[in-house]
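FYI, it's all coordinate maths here, none of it is from the lab. Note that this is a predicted model, so its numbers are computed, not measured. A quick note on method: Cβ atoms are made from the backbone with ideal geometry, for glycine too, and the neighbour counts reach across all protein chains shown.
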Amino acid sequence: NKKPVGIMFIDADHLKYINDNFGHDMGNLAISSIASVIRQHCPDNSVSMRYGGDEFLLLFPKMSEKDMAEKNKRIKEAVANIVFAEYPTLHLSVSIGGVCGVHPIMEAIRQADKRMYENKRTS
């Protein structure tokens, strides 16, 4: 309906490493833990979904660039603070890309995905 929306694309970093070194059950736990963090940081009027194997898509109505940057920072920090008692040296991280404004939805998703991969390469 042409109202501003924020779209974030989130990808779990190093999931193949986790699966190969700690097992697929641990990989599933990592994905579930990241999903839990995402749910905690999404207001009731937002939409969050698993978009692929280890990717998530979030939609926020009326989100500004400033709000998106803050949300990005908080999600990354919360994921980095996840602790697994059985693997205390295992640290999770995510790469995030986002766009704000009014876009055709599929173009906005493509832009957010592109930004996420740009961020992944530079982190």
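Numerical summary
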{"item": "Residues of type lysines that K3 reaches as a straight line, Cα spacing below 17 Å, ignoring anything fewer than 8 places off in the same chain", "result": "K62"}
{"item": "Partners for K66 among lysines (Cα-Cα distance below 17 Å; same-chain residues under 8 apart left out)", "result": "K76"}
{"item": "Trypsin sites (Lys or Arg not before Pro) within segment 67-123: DSSP coil, no more than 11 neighbouring Cβ in 10 Å", "result": "none"}
{"item": "Cα-only radius of gyration and Dmax that characterise the chain, units Å", "result": "14.5, 48"}
{"item": "Computed magnitude of the charge dipole of segment 1-106 (debye, nearest 20; Cβ of K, R +1, Cβ of D, E -1)", "result": "540"}
{"item": "Unit charges at the beta carbon, dipole of the chain: most positive-side option, S93, M68, N119", "result": "M68"}
{"item": "Within a Gaussian network of the chain (alpha carbon springs, distance under 10 Å), most fluctuating of I31, I105, I75", "result": "I105"}
{"item": "Mean residue ellipticity (222 nm) of the chain, computed from DSSP H runs ≥ 4 via -39,500 (n - 2.57), nearest 500", "result": "-15500 deg cm²/dmol"}
{"item": "Pairwise label distance in nanometres, M106 with A85, each label 7 Å out on the Cα-Cβ vector", "result": "4.8"}
